[in-house]
Amino acid sequence: MKFEGESEVSGTPPVVWDALIDPKVIERCTPGCQSLAVVGPDDFELVTKIGIASISGTYKGRMRIAEKLVGERYVMSAEGAGPIGTMSVVGIVTLQDNGDATRVAYSFEATVGGAMTGLAQRALLPIAKLLTKQFFKRVEKVIAGEDLPAEEVGS
Amino acid sequence: MTKSTSRWVGASLARKQDLRLVTGHGRYTDDISVPGMLHAAMLRSPHAHARIKSVDVSRARALPGVHAVLTGEDAKRYWGPLAPTIDIGMKVPTVYALATDKVYYMGEPVVAIAADTRYLAEDALEFIDVEYEVLPAVTDTEAALAPGAPLLYPEWGDNVQCAWGMSVGAVDETFARADHVFEFRLPQHRYSGASLEGRAALAHYDAYNRKLTLHCSTQAPNLVRTLVAQTFRFPEHDVQVIAPDIGGGYGNKLQADAEVIPCLLSLATGRPVKWTESRQENLLSGMQCRDYVWYLKVAVSKDGILQGLDAQVLGNVGCDGTCHAAGAGKFLVAAGYVPGPYKWHAFRVATKVAVSNKAPSGAYRGYGKDIANYPLEVAMSRMADALGLSPAEFRRRNFVGKDEFPYQQISGPVYDSGDYAQCLAKLLELVDYDEVKQRQAATQGKSAKYLGIGIASMLEPSGGAVPSCIFNSYEVATVRLMPEGGVLVLTGHQDIGQGSETTLCQVVADELGLTPDDVRVVYGDTNAVPYGLGPWSSRGATFNVSCIAEAARRLKANLFEVVANLWQCEAAGLVAADGAIVEPGGRRMTLRELGNKLHLWPGAFGVVPKHVANPFEVTHYWTSPIASWTPDELGRIRLYTTHPSGSSAIIVEVDAETGKIEVKDVAIVDDCGVIINPTIVEGQLHGGYVQGIGGALMEEFHYDERGQLWNTDLTSYLHPLATDVPDIKCDHVISPSPYTTLGTKGMGEGSTIMPCAAMVNAVEDALKPFGVRVDQLPLTPERVIRLLKTSSIWREMYEVGA
């Protein structure tokens, strides 16, 4: 399943870059993130709680950042398992200067397993898009030094 | 065949059960709640093939309201592996109700939880940590059989669960001498029955009574009792299985698979535990069916006479077709019956059944007869086309003739009765075949909608008596006269919608001169009924009806002896009619008077002479007069008693622009021998045919190459709706079977056997201008377009930019 899109985040590419690969920012901004442990350089273990309809539940996973081209692009890979199945995602995130903001484009290939498979095409894509959008919004707020909203859809 | 007064047999009596069922007063397993009941949920494998590295249930066990969390290791330590349902020279894996060291299919239960509520049980699944090592999966039949395929059970050395073959006559010589030799590869995809009620089980282990009670949705309570007892190494007589109303069976509910999990949880907690399968669980792990590839080679003479058949079937039973359910056996049935209703001089068949990383395989309306029918009937129409004969004429030239019965088929079975040519003739009339062909010729090419008609004939071997298998060879039932003159029929034969609760009353009413309201059929409780086997293999009208009719006859003979003694007359002169035993032109005693006399006023001592056998009730054992497990000189055995037959036609309109197939007309002519209840028979024909159309056009378990099932709900696994099916026309030919007591034959599967072949034949007939040959089912619009794209004529006519 292909899953791609882009978001505009206020801040110059170097600022946005630093935020995107910072485990503390990832922990704070990933919707529903309960905990993030750094297990190696650019290698994290996450526990995330998703509260959306049929995929509700706690998901445990591993996330890695690789092939970094500082300020421009990196490869993100993640795999996780929750009550209704497994999911692995691998893809490229690219940053592009856009004046005061940075255009962050992502292109992921997701593989789902377990009961999730049946949901994948219909339900998961919009959910993944929603969560990704939330993630970038939160990153933007962190960069601006604003408070993060406590609860959002999906967390 | 002894003639009895037939007043009720043949009558379209309204079904007794419908009052409660259609008014919402049926009682299904999930309707039953008992005090102290817990609810089960199962953690299922997300992988199709993986080694279980660790299972940590400590967090789930610690949750308040969770009473038991069981793993495969618990199952292994405290209980036995799933008891086999069939083992005729098969490899039987050692598998447990919960996965132990490996998972073999996506959706396999790994951990089971019993908690105060279903919500809590489901939520608690999140607190279980399982580590898997994912292994390469194999799903395709031929890939599973290829060298180097990932092995499910490495100790087997391959993925073959069973293999078998036979050869009769000079096969190679026949093919060498043949005028025409045709070859076909015909696969069929994986789909299954879809009961409104999935599986459901409520288990209650009463430690103080040392008794396990299991309410469950099953077709065969007695068999489930045995399998559960074997799996738990628990005394069978201390197990009671109760099957209340059943919301559909279709062969899918003939095993003790996930049903043993609530038993396990109840044994662990000492409390009743209920599990009601969700639709997703049903699609993931309820018994699946079909899934095979045939290779057929047919030798035909220039005058259109079949000479030789050389066939090979490769079946796919998913992770298992022996313990989880008895799916492997259907490919043996298919191999034995692929000669169909036609005559042959030489025959060779081989079957190989593969395991793969898909859900287990069981029975589904056909159990191999459908598998035998599909390739042959498609081949018959294609060969007729090649020979320049009409599909009907080619079949007629090769049918076993009506005067040739009993006819021993080349593969061994003895066909009891039938008139195949008459079924086909009646069909052509019913569907107005010639008019359709004229209409086709007149309209062809005038629009993008192409009219086509396909026919298929069938044979429905019924009442299988299979050795070394739960689908065994006898039926036993009791007919009991009550003190107040009413009659109870006690049978292990479950009513699963086929209406036996009503039809058996019709049979007994005729035998005893009663009305169906004077008779009640008791079933669905292993502690109330004899060890009868149940409804499968369309055996009700073969085994159970014969058994119960003979039981009633024996009871009547005993009652006649009593009355003859009272009246000092000849028992031979008595008849049972209008609720009484009657001396023609003379005395009359109602069954109520007789029942009272026997039990109360004055009671048995006063009325029953010493030489008379039990006048209260008769338990009768019935077995087939023709089935035989002793191989003949060619090694052939005979497993089926009756061979119902029929023909059907489908008329379609195929839209060459969109690929959509519209079913315009369906007609069926069925020969099930003597008909007990015409409305019920036609209902079965309609329902079965619609299931077949579903399989031909839309139903499919869509597994990807990793073994992931993509459609686990009913918006992505499609079934035909009322709007997809036209009114179905039915007619009958009646050739009574000489091997059953009333001349009845099975009829539960025949109409599901035919539609796939009839549909393919209809679509190929409609698309004849494009020369399309169907190579895969279901015929979704996408697939039809893909087929059409192989035609240069179509590409010229319809492809944009061509």
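No value in this document is a laboratory result; all are computed from the given coordinates. Bear in mind that the values here come from a model prediction, so they are computed numbers and not experimental data. Cβ: placed from backbone, ideal geometry, glycine included. Neighbour counts: every protein chain shown.
Measuring max minus min along each principal axis, the C-alpha atoms of region B:543-692 give extents of 83, 45, 27 Å (largest first).
Between amide H atoms placed 1.01 Å from N, distances below 5 Å from B:HIS49 occur with B:LEU135, all of them 5 or more places distant or on a separate chain.
State which helices in chain B qualify, where a helix is a whole DSSP H run, it must extend 20 Å or more along its own axis by its Cα atoms, and its mean Kyte-Doolittle hydropathy must be at least -1.0.
B:369-387, B:545-567, B:678-697
Partner shielding of A:82-94 amounts to 2, given as the average count of beta-carbon atoms from other chains within 10 Å of each residue beta-carbon.
For region B:474-623, taking Cα atoms only, Rg and Dmax work out to 15.3, 47 Å respectively. Cross-link partners of B:LYS211 among lysines, defined as those whose alpha carbon lies under 23 angstrom from its own and excluding same-chain residues fewer than eight positions apart: B:LYS76, B:LYS274.
Under the rule a/c < 1.5 gives rounded, and otherwise a/b versus b/c splits prolate from oblate, where does chain A land using the Cα gyration tensor? Taking the square roots of the gyration eigenvalues as a ≥ b ≥ c, chain A is prolate. Within straight-line reach of A:LYS129, meaning a Cα separation under 23 Å, sit the following lysines at least 8 residues removed in sequence or on another chain: A:LYS2, A:LYS24, A:LYS49, A:LYS60, A:LYS137, A:LYS141.
Taking every residue in B:90-97 and counting other chain Cβ atoms within 10 Å of its Cβ, the average works out to 0.
Sort B:97-104, B:400-407, B:236-243 by the packing proxy (mean of other Cβ within 10 Å over each peptide's residues), most packed first.
B:97-104, B:236-243, B:400-407
Helical content of chain B, expressed as a calculated mean residue ellipticity at 222 nm, amounts to -8000 deg cm²/dmol (DSSP H runs of 4 or more residues, -39,500 (n - 2.57) each, divided by residue number, nearest 500).
Think of each Lys and Arg Cβ as +1 and each Asp and Glu Cβ as -1; about the Cα centre, that makes the dipole of chain B roughly 940 debye.
So how strong a dipole does region B:14-131 carry about its Cα centre when Lys and Arg Cβ are +1 and Asp and Glu Cβ are -1, to the nearest 20 debye?
So the dipole magnitude of region B:14-131 works out to roughly 400 debye.
For region B:197-209, backbone phi angles converted through the Karplus equation (6.51, -1.76, 1.60; θ = phi - 60°) give residue-by-residue couplings of 9, x, 7, 8, 8, 10, 9, 9, 8, 9, 5, 6, 10 Hz, Gly and Pro being listed as x.
The reciprocal of the average 1/r between distinct C-alpha atoms defines the Kirkwood hydrodynamic radius, which for the protein assembly as shown equals 30.7 Å.
Put in line by how crowded their Cβ is, counting other Cβ atoms within 10 Å and starting with the fewest, B:ILE637, B:ILE650, B:ILE371 read B:ILE637, B:ILE371, B:ILE650. Which of rounded, prolate or oblate describes chain B when judged by the alpha-carbon gyration tensor and an a/c cut-off of 1.5? Taking the square roots of the gyration eigenvalues as a ≥ b ≥ c, chain B is oblate. Per-peptide packing, taken as the mean over residues of other Cβ atoms within 10 Å, places B:763-774, B:318-329 in the sequence B:318-329, B:763-774 from highest down. Compared with the dominant Cα axis of chain A, that is its longest principal axis, helix A:125-143 is turned about 30°.
The order of the peptides A:125-134, B:263-272 by mean Cβ neighbours within 10 Å, most packed first, is B:263-272, A:125-134. The H on the amide N of B:GLU700, modeled in the peptide plane, is under 5 Å from the matching H of B:LEU718, each at least 5 residues off or on a different chain. In terms of other Cβ atoms within 10 Å, A:THR12, B:THR658 run from fewest to most in the order B:THR658, A:THR12. Note on the protein assembly as shown: dipole from Cβ charges, positive end direction compared against B:SER792, B:VAL34, B:VAL575; the farthest Cα belongs to B:VAL575.
With θ taken as phi - 60° and the Karplus curve 6.51 cos²θ - 1.76 cosθ + 1.60 applied, the whole-hertz 3J(HN,Hα) list for region A:24-29 is 5, 5, 4, 4, 6, 9 Hz, x standing for glycine and proline.
Quick check on chain A: helices-only [θ] at 222 nm, where DSSP H runs of length 4 and up contribute -39,500 (n - 2.57) each and the sum goes over total residues. Nearest 500, please.
-7000 deg cm²/dmol, from helical runs alone.
Among B:MET166, A:MET63, B:MET42, a tally of other beta-carbon atoms within 10 Å of each Cβ gives an order, fewest to most, of B:MET166, A:MET63, B:MET42.
Can you classify region B:209-331 as rounded, prolate or oblate using the Cα gyration tensor, where a ≥ b ≥ c are the square roots of its eigenvalues, rounded means a/c under 1.5, and otherwise it's prolate if a/b beats b/c and oblate if not?
Prolate.
Our coupling estimate for region B:568-575, obtained by passing each phi through the Karplus curve with A = 6.51, B = -1.76, C = 1.60 and θ = phi - 60°, is 6, 10, 7, 4, 4, x, 8, 9 Hz, Gly and Pro reported as x.
Within 10 Å of the Cβ of each residue in A:109-117, the mean number of Cβ atoms contributed by other protein chains is 6.
Its relative contact order, with pairs defined as Cα atoms under 8 Å and 6+ residues apart, puts region A:2-143 at 29 percent. Among residues other than A:SER35 with Cβ under 11 Å from its Cβ, the summed charge is 0 (Lys and Arg +1, Asp and Glu -1).
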